[in-house]
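**Q** Pasting in a structure now, in structure tokens, and then I'll have a few things to ask.
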Amino acid sequence: MRRLLAYGREFTRPRPYKLADLADAAGMSISGVRTAYDADDIAEVAAATGLKPAASHSTTDPQTGSAQ
């Protein structure tokens, strides 16, 4: 489940699935989806699919687009 959530948030383009949509599909809360996966899960998805994750949502300031 963690890897599927990581895929939906980190690898889909042009934008990630919404937290609310993933929460409904997974039977979780929005905050549960937000914290369900970590960098190791993202790396495992990348290795399994050969894809590169989109720019990390947590390290980019949405207002300026620059790294925090």
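Every read-out reported here was derived from the displayed coordinates using simple, explicitly stated rules and does not represent laboratory data. Given the structure is predicted, the values throughout are model-derived calculations rather than measurements. Ideal geometry is used to build each Cβ from the backbone, glycine not excepted, and the neighbour counts take in all protein chains shown.
**Q** Kirkwood-based Rg over Rh for the stretch 2-49 (C-alpha set), two decimals? Please list the in-between numbers first.
**A** Working: Rg = 10.1 Å, Rh = 10.6 Å.
The Rg/Rh ratio comes out at 0.95.
**Q** Let me ask another. What is the magnitude of the charge dipole of the stretch 2-49 about its Cα centre, with +1 placed on the Cβ of each Lys and Arg, -1 on the Cβ of each Asp and Glu, and no other charges, expressed in debye to the nearest 20? Could you put the intermediate results ahead of the total?
**A** Details: 7 positive and 7 negative charges, 42 e Å.
That gives the stretch 2-49 a dipole magnitude of about 200 debye.
**Q** Between Asp24 and Ala43, what length comes free when the chain is fully extended (0.36 nm per residue of separation minus the Cα-Cα distance, one decimal in nm)? Write out the running numbers ahead of the final one.
**A** On the way: separation 19, 0.36 × 19 = 6.84 nm, distance 2.46 nm.
The span from Asp24 to Ala43 would gain 4.4 nm if fully extended.
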